[in-house]
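Visitor: This is the structure, below, for whatever I ask next.
The values are calculated or read from the model by the stated rules, or taken from the named source; none is laboratory data. All values reported here derive from a predicted model rather than from experimental measurement. Here the Cβ positions follow ideal geometry from the backbone for every residue, glycine too, while neighbour counts run over all protein chains shown. Quick note on the areas: whole protein, heavy atoms, side chains included, nothing else; ligands and nucleic acids left out. Shrake-Rupley method; radii C 1.70, N 1.55, O 1.52, S 1.80 Å.
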Amino acid sequence: MDRGEMTVPQEEMARQAEFAAMVRALPHRPGSYHVVTYGCQMNAHDSEKIAGMLEEMGMVASEKREDADFVIFNTCCVRENAERRALGNVTWLKEVRKQKPDMVIAVCGCMIQEPGMAETILKKYKFVDLAFGTANLHKLPEMLYETLNAGKQTVNVEDRDVIAEGLPVRRLRQDAAYLTVMYGCDNFCSYCIVPYVRGRERSRDPETILREAEELAASGVKEIMLLGQNVNSYGKGLPGNPTFAGLLEKLDGIGIPRIRFMTSHPKDLSDDLIDVMAKGKHILPQFHLPVQSGNNEILKKMNRHYTREQYLDRVSRLRSAIPGIGLSTDIIISFPGETEAQFEDTMSLVREVKFDSAFTFIYSPRTGTKAAEMEGIIPDEVSTERIQRLISLQEQLQQETLKRFIGQEEEILVEGLSRRSRLAVSGKGRHAVSVTVEGTEQDIGQIMKCRITNLKNNTLAGERIPGGKA
Ligand code: SF4
């Protein structure tokens, strides 16, 4: 399929808009909705699109799922426990529906795209009214119309590898916005289910992305998060071979105060991208660079296409081009066959890099991936002991590395009231580290300048710089 064929035609999007109007006109349509989201930022953004479409169909958001007329679970399948949790919550709602028989229940997202899951839903979860995959999102108006009219289960997981432009979005935050630059992944890391459920890599047209960013800037957005499973390989298959570095440079010129992006694959992190970041005015000095393991043999079995040495080279290039850059990572321990010595290689890499934060996971097999067929499953007690060692090492190093901010000026985008005090607010600094500062509700959504004074439990505390709104 070439890229032109991937983009959902305008006529189809117009047809869906007609279905949305038809749902809106139905006398028995749901009046309220609640979206339950699992997983990553891509899913969170999909949920914003779902909410946007449902509001176009005349529904209003309900704070609690049990009060809503239409409840939709946007699922994740990257880890088995996320899947179990989602199915458990779906089953719980079946009980709620006994008191609320008109409630409509839908399940969507990555889990539904897993081989065999649609059939399972049809057979085992008969109370689910609607199930659809990530690539069928734009067809929600049509699917919902059919479900409400025919009163029977609708399951749709047919489409793959599409790009649907122009969907309405109900953003979770007014000050910050997600902006997808590419979908899918071609990397097939041996433990990962994403390429099977999110399809092949496909990049959005750069002009469309820039237009969307300009609209976000005009609406007063202060931060954008560029999204993609592997943003570094943006542009593959597009005419003129645009690159992520080139796109980022243009986005930097729009003037949105803060630009972040995720996720990046170390093998695709180019010098050009580092140079653009170093020169950029609005690109935040932070980088999430998943390493997964510090051992070359394990990296090979993971099909990651880089070595420990190459990873460390990227880190040192980033640090010399952008001094003080905030680095975070993802780590999987207990990959099949991982020996104590191989695990120790990961520990030594963590000691060497000194990440500002690390998301650590025990390997969990996903059916359909190469790693799920590998031998050498690590016993639970070994994994538990290893992850505790890794977490405690990271916490100790984090305590040291975050000290570099003490006494420095930082600029935070205030996200909300602090959980510990109603007289304090918290938000992320430019290096993606959370900072708590004295403040009130009026500060939420504002960029505030502060001086870091203290570090407690890996959270920075700061003092407001008078008149320091950026
Ligand atoms: S890069 Fe690897 S881990 Fe990331 S989504 Fe693609 S296959 Fe999964």
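Visitor: From the residues Met225, Ile193, Val181, which one has its Cα farthest along the dipole of the chain in the positive direction, the dipole being from +1 and -1 charges on Cβ of Lys/Arg and Asp/Glu about the Cα centre?
Guide: Met225
Visitor: Evaluate 2.2 N^0.38 Å with N set to the residue count of the range 406-469, then give the Cα radius of gyration divided by it.
Guide: Details: Rg = 10.1 Å, N = 64, 2.2 N^0.38 = 10.7 Å.
After normalising by residue count via 2.2 N^0.38 Å, the value is 0.94.
Visitor: Take each of the peptides 343-352, 206-215, 286-295, average the number of other beta-carbon atoms within 10 Å over its residues, and list them starting from the highest.
Guide: Working: 343-352: 17.8, 206-215: 15.9, 286-295: 22.7.
In descending order of packing, they fall as 286-295, 343-352, 206-215.
Visitor: Using a 7 Å offset from the Cα along the Cα-to-Cβ direction at both Trp92 and Asp205, what is the distance between the two label points in nm, to one decimal?
Guide: My value for the distance between the label points is 4.4 nm.
Visitor: Using alpha carbon centroids, what distance separates the range 93-110 and the range 349-405, in Å?
Guide: 37 Å
Visitor: May I ask you to list the trypsin sites (Lys or Arg not before Pro) in the range 60-167 that are in a DSSP loop and have at most 14 other Cβ atoms within 10 Å of their Cβ?
Guide: Lys64, Lys126, Lys152
Visitor: Which entries of Lys64/Lys94; Lys279/Lys456; Lys354/Lys403; Lys126/Lys152; Lys124/Lys370 have Cα-Cα distances beyond 21 Å here? It would help to have the intermediate numbers written out before the result.
Guide: Values: Lys64/Lys94 15 Å; Lys279/Lys456 33 Å; Lys354/Lys403 12 Å; Lys126/Lys152 10 Å; Lys124/Lys370 27 Å.
From the list (Lys64/Lys94; Lys279/Lys456; Lys354/Lys403; Lys126/Lys152; Lys124/Lys370), the Cα-Cα distance tops 21 Å for Lys279/Lys456; Lys124/Lys370.
Visitor: Next question. Compute the distance in nm between two label points, each set 7 Å from the Cα along the Cα-to-Cβ direction, one at Gln310 and one at His28.
Guide: For Gln310 paired with His28, the spin-label model returns 5.9 nm.
Visitor: I've got another one for you. Can you work out the Karplus-derived ³J(HN,Hα) for every residue in the range 259-271? Use 6.51 cos²θ - 1.76 cosθ + 1.60 with θ = phi - 60°, whole Hz, and x for glycine or proline.
Guide: 10, 10, 8, 6, 10, 10, 9, x, 5, 9, 7, 8, 4
Visitor: Using 0.36 nm per residue of separation minus the Cα-Cα distance, give me the extension gain between Tyr125 and Glu158 in nm, one decimal.
Guide: Numbers: separation 33, 0.36 × 33 = 11.88 nm, distance 1.95 nm.
Working it through step by step, the gained length comes to 9.9 nm.
Visitor: Which order do the peptides 38-50, 312-324, 218-230 come out in when sorted by mean C-beta neighbours inside 10 angstrom, highest first? Don't skip to the answer; put the middle values down first.
Guide: Working: 38-50: 20.2, 312-324: 15.5, 218-230: 18.7.
Averaged packing, sorted descending, gives the order 38-50, 218-230, 312-324.
Visitor: Straight distance only, please: which aspartates and glutamates reach the Cα of Lys250 with their own Cα at less than 14 Å, same-chain residues fewer than 8 apart left out?
Guide: Asp205, Glu207, Glu212, Glu214, Asp272, Asp275
Visitor: Could you tell me the ratio Rg/Rh of the range 3-156? Both radii from Cα atoms, Rh via Kirkwood.
Guide: Details: Rg = 14.7 Å, Rh = 15.6 Å.
Rounded to two decimals, Rg over Rh is 0.94.
Visitor: Which log10 I(q)/I(0) values does the range 190-232 give at q = 0.19, 0.30, 0.31 Å⁻¹ under the Debye formula, counting every alpha carbon as one identical point scatterer?
Guide: Listed by q, the Debye log ratios stand at -0.72, -1.12, -1.15.
Visitor: Something else now. Rounded to a whole number, what % of the accessible area of the range 163-203 do carbon and sulfur atoms account for, probe 1.4 Å? Could the numbers behind the result be given before it?
Guide: Values: 770 of 1380 Å².
With neighbouring chains kept in place, the figure for the range 163-203 is 56 percent.
Visitor: Quick one: length gained pulling Glu385 to Asp275 fully straight, 0.36 nm per residue minus the C-alpha distance? Before the final figure, lay out the partial values.
Guide: Values: separation 110, 0.36 × 110 = 39.60 nm, distance 4.05 nm.
Full extension of this stretch gives 35.6 nm more.
Visitor: The range 133-265: percent of C-alpha pairs farther apart than 24 Å? Can you show the working numbers first?
Guide: Working: 3345 of 8778 pairs.
Here the long-distance tail beyond 24 Å is 38 percent of all Cα pairs in the range 133-265.
Visitor: Against the longest alpha carbon principal axis of the chain, how many degrees, from 0 to 90 and to the nearest 10, is the axis of helix 10-25 turned?
Guide: So the inclination is approximately 60 degrees.
Visitor: Right, another one. With the other protein chains left in place, how much accessible area per residue, in square angstrom, belongs to the chain at a 1.4 angstrom probe? Before the final figure, lay out each step's value.
Guide: On the way: 21040 Å² over 470 residues.
Here the per-residue accessible area is 45 Å².
Visitor: Between Lys370 and Thr459, what length in nm is gained on full extension when 0.36 nm per residue of separation is reduced by their alpha carbon distance? Mind showing how you got there, number by number?
Guide: Working: separation 89, 0.36 × 89 = 32.04 nm, distance 3.87 nm.
Taking Lys370 through Thr459 to full extension adds about 28.2 nm, to one decimal.
Visitor: May I ask you to rank Cys192, Cys77 by accessible area, largest first, using a 1.4 Å probe over the protein chains only?
Guide: Heavy-atom accessible area, descending, gives Cys192, Cys77.
Visitor: At 222 nm, what value in deg cm²/dmol follows for the chain if DSSP H runs of at least 4 each add -39500 (n - 2.57) and the sum is divided by all its residues, to the nearest 500?
Guide: On the way: 15 runs with 171 residues, N = 470.
-11000 deg cm²/dmol, from helical runs alone.
Visitor: How far is helix 380-401 tilted, in degrees, relative to the longest principal axis of the Cα atoms in the chain, given as a value from 0 to 90 rounded to the nearest 10?
Guide: 60 degrees
Visitor: Using θ = phi - 60° and the Karplus curve 6.51 cos²θ - 1.76 cosθ + 1.60, what whole-Hz ³J(HN,Hα) does each residue of the range 276-288 get, with Gly and Pro shown as x?
Guide: 4, 5, 5, 8, x, 8, 10, 7, 5, x, 8, 8, 9
Visitor: Can you list the residues of the range 430-470 with backbone N under 17 Å from a point 7 Å past the Cα of Gln399, pointing along Cα to Cβ?
Guide: Answer for this model: 454-461.
Visitor: Same structure, new question: So, how do all the Cα-to-Cα distances of the range 148-198 break down into 5 Å bins, in percent, from 0 on up?
Guide: 4, 12, 15, 15, 18, 17, 13, 5, 1
Visitor: Bin width 10 Å, alpha-carbon pairs only: give the P(r) of the range 63-140 as whole percents, running from 0 to the bin holding the largest distance.
Guide: P(r) for the range 63-140, in whole percents per bin: 18, 55, 26, 1.
Visitor: Over all alpha-carbon pairs of the chain, lay out the pair-distance distribution in 10 Å bins, whole %, shortest bin first.
Guide: Here the calculated profile for the chain is 4, 18, 27, 28, 18, 5, 0.
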